[in-house]
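Just below is one structure, and these are the notes that go with it.
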Amino acid sequence: MKAFVLALILTGLAFSIGCSDEDSPSIIDRVTDPNCSEICDRYDECIRDIDVGRCVDQCDDVTDVQALSAQADRCADCLSGRACAESGPCWNDCVSVPEMQLGRAY
């Protein structure tokens with residue numbers, strides 16, 4: 001009986017560790033395309049409140065195409081080191097995903 005209870009506790013712990021905050025992309029997303037994480041984080045910070053995790057997942061899906069991957073690279077490079085007030089021109093060359101269109105305005 002003790003082994004069964006211990007197994008239930010360990011299973012519950014394993015599931016709770018796998019959960020993440022809705023605004024935080026998972027580690028897999030960060031490793032897969034770090035540009036998507038930077039783009040979505042900055043969009044959330046500078047433009048409008050979005051679900052960053054969902055944005056990163058959508059961005060990662062579209063950047064599998066080489067041309068869009070290069071576009072994400074250019075966008076992340078442009079955003080890097082700029083304050084929100086200076087990032088305006090960068091958004092013209094950024095990958096756009098549905099979450100960016102559905103985000104909640106501040």
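Any read-out appearing in this document is the output of simple, stated calculations on the displayed coordinates, not a laboratory observation. Since the structure is predicted, the reported quantities are computational estimates derived from the model, not experimental observations.
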### Query
Where a ≥ b ≥ c are the square roots of the eigenvalues of the C-alpha gyration tensor, would you call segment 56-102 rounded, which needs a/c under 1.5, or, failing that, prolate if a/b is larger than b/c, or oblate?
oblate
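Residue 67 to residue 93: extension gain in nm, 0.36 nm per residue of separation minus the Cα-Cα distance?
8.2 nm
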